[in-house]
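This report refers to the structure that appears directly beneath it.
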């Protein structure tokens with residue numbers, strides 16, 4: 001694998017664009033400071049293309065320039081999909097084969113987060129990105145608890161519904177609340193279930209780092225842009241392996 | 001043969017009248033239900049209007065302490081069903097305490113017993129409580145007159161739509177400079193987003209607050225601080241800058257009262273939002289709604305309804321008629337509660353998937369429909385959120401089209417869209433870019449509505465007629481099965497909410513024969529004494 005540099009309009013030109021605000025009034029010094037920042041970020045030469053005062057105390061900049069960094073894709077670590085992507089029909093068949101009953105999924109937004117857009121995109125029949133949500137899958141029973149569900153409520157419902165998988169979404173978060181909430185949630189499930197009976201724990205949301213599943217005590221973390229099909233395939237894959 | 005065109009959409013006035021009469025039919029049983037019940041929040045709002053504020057050292061407001069004790073003392077005798085005014089002012093008249101605040105402290109300490117007074121005692125309690133609450137409502141009246149004076153002195157927003165910007169830091173002392181800066185940059189209306197957890201709190205936090213999640217708590221002190229700061233800005237800028245907050249959730253009547261007392265100018269206040277999106281009990285919501293709207297009517301506050309939210313969960317094309325239906329219901333409930341046309345910021349949003357062919361034409365049809373059905377209401381036009389992605393460049397373009405649709409269809413209140421929606425809480429530069437977007441569109445095309453006349457019988461007119469027809473069909477259905485049942489069935493925003501479930505149900509009581517609430521009477525009568 002070869003190393004790469006960004007592409008502007010010519011191979012190897014290394015061109016990037018950057019915008020930011022400095023807390024200073026607009027002046028020649030401010031423009032020079034913006035170039036200095038770009039230089040320090042590895043942009044050289046840095047071309048200041050736009051500087052705009054925003055009130056008396058701030059200036060907004062757009063800078064184009066060549067970066068002197070290279071990237072090496074062979075050194076990048078990501079969570080690749082390590083399960084086959086199935087159609088809804090295949091998921092239904094897999095569930096039938098491995099469980100011989102419907103599979104129950106309980107979903108919720110926990111903590112104070114009131115934004116159900118993520119959980120709804122995955123669960124509601126309406127779906128997301130052209131894919132139908134999990135409610136559409138015949139062999140999946142979906143219980144969507146909605147927003148602002150407390151961890152004890154979630155555990156209780158998961159037990160009552162005999163959930164096979166628990167989906168938690170965290171969209172709007174401040175001060176790492178999504179990480180704290182997720183850890184609290186996984187700890188609560190570990191406490192109230194024997195290890196081999198615990199439902200699959202899956203969290204998702206735009207602020208999560210997909211590599212953090214282990215650290216958060218969950219089975220999978222899904223980031224921005226995840227589709228219902230990916231989640232359904234993952235659940236089917238995991239539970240089929242568990243049943244086998 | 002030919003008749004003059006009727007407005008831009010050629011809507012048949014008889015059809016629109018029919019839609020309104022259906023909304024009235026659907027809403028009337030709900031109003032009756034609201035009149036037959038009270039809630040803990042309505043009773044606490046009454047105590048707040050009578051001047052009881054503050055909280056104990058644990059942060060529990062004195063209105064909660066007092067109302068809870070009264071309810072517990074009268075538990076075997078109807079509890080909340082008589083309202084709190086009679087037992088509370090009876091206790092004051094019996095000399096249990098010199099004022100409400102001492103009475104609340106004694107109640108919390110368990111050193112006073114409440115009873116339901118009868119006969120002359122009841123009459124005296126009624127008179128005394130009415131006097132106390134009337135004083136609070138006169139403060140609300142004074143605040144309203146003060147607003148009128150300030151608008152006259154400083155001038156009003158220079159044009160329509162009013163530019164509406166949000167601040168949401170969680171810390172009122174960070175919010176203030178941000179709000180003042182936003183006003184300097186051109187905002188006519190500042191909204192302080194609430195902390196996400198607040199709608200489910202069954203009490204209003206107290207004092208100036210510096211900790212909130214994705215927003216700042218609505219408290220009386222925060223209201224006062226922000227209003228004072230924006231009064232400074234109004235003076236500096238030579239135009240009255242309006243302040244918005246949220247009268248929603250479990251405490252909406254109390255927050256409405258606080259808004260009236262502190263001269264807030266607009267409140268988000270939807271008749272069904274709490275039911276659908278916060279799973280608050282429908283009866284609780286409708287009772288609290290009616291009271292809070294009566295307060296808003298009295299305070300000269302413009303309400304913003306929440307139809308935009310339906311489109312964040314349901315499809316904006318398929319569900320377009322649920323927006324119109326809800327607007328008609330919101331209008332009925334608002335007018336019944338005494339609000340006037342100029343106070344109805346009926347909501348709708350630019351949420352059609354940009355990948356749908358003719359999406360902009362559809363948006364224009366929907367926005368124009370709202371404009372023509374509610375010609376005198378300052379409609380609240382909400383920016384795209386659902387189809388905003390991390391692609392900020394595309395987002396900025398989409399916001400430009402949103403602004404253009406607003407200009408073309410004469411929207412009254414334009415919530416400024418941020419290209420970083422769904423990415424980060426808006427940065428200073430995001431707000432600047434967003435306002436630049438609005439300014440460009442308004443300067444370039446702000447009066448384009450004068451030239452914009454959709455082709456008779458063309459795509460836009462047809463679509464608008466179709467949506468109106470679908471909303472009439474839905475209203476018919478709601479009248480048949482009843483609004484509560486329709487809500488239970490998931491008619492709005494795809495959310496199913498039965499009337500006997502949801503949060504806050506235990507705070508609802510059916511009024512007894514002896515029930516008395518001076519605030520409700522004074523608001524119904526429009527009286528000052």
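Averaged over its residues, how many other protein chain Cβ atoms are within 10 Å of peptide B:422-433's Cβ atoms?
Numbers: counts 6, 2, 1, 2, 0, 3, 7, 9, 2, 1, 7, 4.
What the average comes to for B:422-433 is 4.
The packing ranking of peptides A:87-95, B:455-463, highest mean first, is A:87-95, B:455-463, where packing means the average number of other beta carbon atoms within 10 angstrom of each residue. Overall shape: rounded for region B:37-134, with the ratio a/c of the largest to smallest alpha carbon gyration tensor axis below 1.5.
Assuming a ≥ b ≥ c are the square roots of the Cα gyration tensor eigenvalues, decide whether region B:100-189 counts as rounded (a/c under 1.5), prolate (otherwise, with a/b larger than b/c) or oblate. It comes out oblate by the Cα gyration axes. Exposure proxy for B:266, B:252: other Cβ atoms within 10 Å of each Cβ, ordered fewest to most, give B:266, B:252. Here, region B:263-369 yields an orientationally averaged convex hull projection of 6.9 nm² when only Cα atoms define the hull. Placing pseudo-labels 7 Å out from each Cα toward the beta carbon at residue B:184 and residue A:17 gives an inter-label distance of 2.8 nm. Based on C-alpha pairs under 8 angstrom that are at least 6 apart in sequence, region A:73-141 has a relative contact order of 29 percent.
What does the extension gain come out to for residue B:123 and residue B:356, with contour length at 0.36 nm per residue minus their alpha carbon separation?
Numbers: separation 233, 0.36 × 233 = 83.88 nm, distance 6.46 nm.
The residue B:123-residue B:356 span can extend by a further 77.4 nm.
Take the Cβ atoms of residue A:187 and residue B:60, set R0 to 25 Å, and the FRET efficiency comes out at 0.25.
Place the peptides B:326-336, B:225-235 in order of packing, highest mean first, counting for every residue the other Cβ atoms within 10 Å and averaging per peptide.
Details: B:326-336: 24.3, B:225-235: 18.5.
Ranked from most to least packed, the peptides come out as B:326-336, B:225-235.
Run the helix sum for chain B: -39,500 (n - 2.57) per DSSP H stretch of 4+ residues, divided by residue count, reported at 222 nm to the nearest 500 deg cm²/dmol. Helix contribution divided over all residues of chain B: -17000 deg cm²/dmol. From most to least packed by mean Cβ count within 10 Å, the peptides B:72-78, B:138-144 give B:138-144, B:72-78. Counting only DSSP H runs of at least 4 residues, each contributing -39500 (n - 2.57), and dividing by the residue count of chain A, the helix-based mean residue ellipticity at 222 nm comes to -9500 deg cm²/dmol.
For chain A, the spherically averaged projection of the C-alpha convex hull amounts to 17.2 nm². For residue A:195 and residue A:102, a Förster radius of 35 Å and the Cβ-Cβ distance give a FRET efficiency of 0.90, rounded to the nearest 0.05.
Here region A:124-212 is treated as a sphere whose radius is the Kirkwood value from Cα pairs; by Stokes-Einstein at 20 °C and 1.002 mPa s it diffuses with a coefficient of 150 µm²/s. In the distance distribution for the protein assembly as shown, Cα-Cα pairs more than 35 Å apart total 52 percent. Taking 1.567 mPa s as the viscosity and 4 °C as the temperature, the Stokes-Einstein diffusion coefficient of chain B based on its alpha-carbon Kirkwood radius rounds to 54 µm²/s.
One chain, two ends: residue B:20 and residue B:77. Fully extended at 0.36 nm per residue, the span grows by 16.3 nm beyond their Cα-Cα distance. Taking every residue in A:49-58 and counting other chain Cβ atoms within 10 Å of its Cβ, the average works out to 3. Remark: spin-label model distance residue A:9-residue A:157 equals 5.4 nm, labels positioned 7 Å along the Cα→Cβ axis. Radius of gyration over Kirkwood radius for region A:1-140, both on Cα atoms: the Rg/Rh ratio is 1.22. Is region B:404-499 best put as rounded, prolate or oblate by its Cα gyration tensor, with a ≥ b ≥ c the root eigenvalues, rounded for a/c under 1.5, and otherwise prolate when a/b is larger than b/c, oblate when not? Oblate is the answer for region B:404-499, as a/c is 1.5 or above yet b/c matches or exceeds a/b.
If R0 is 60 Å, what FRET efficiency do you get for residue B:376 and residue A:90 from their C-beta distance, rounded to 0.05? Don't skip to the answer; put the middle values down first.
Numbers: r = 56 Å, r/R0 = 0.94.
Computed FRET efficiency for residue B:376 and residue A:90 comes out at 0.60.
Computed from the coordinates by the stated procedures, all read-outs in this text should not be read as laboratory data. Here the structure is a predicted model, which is why all the values come from computation and not from measurement. Cβ: placed from backbone, ideal geometry, glycine included. Neighbour counts: every protein chain shown.
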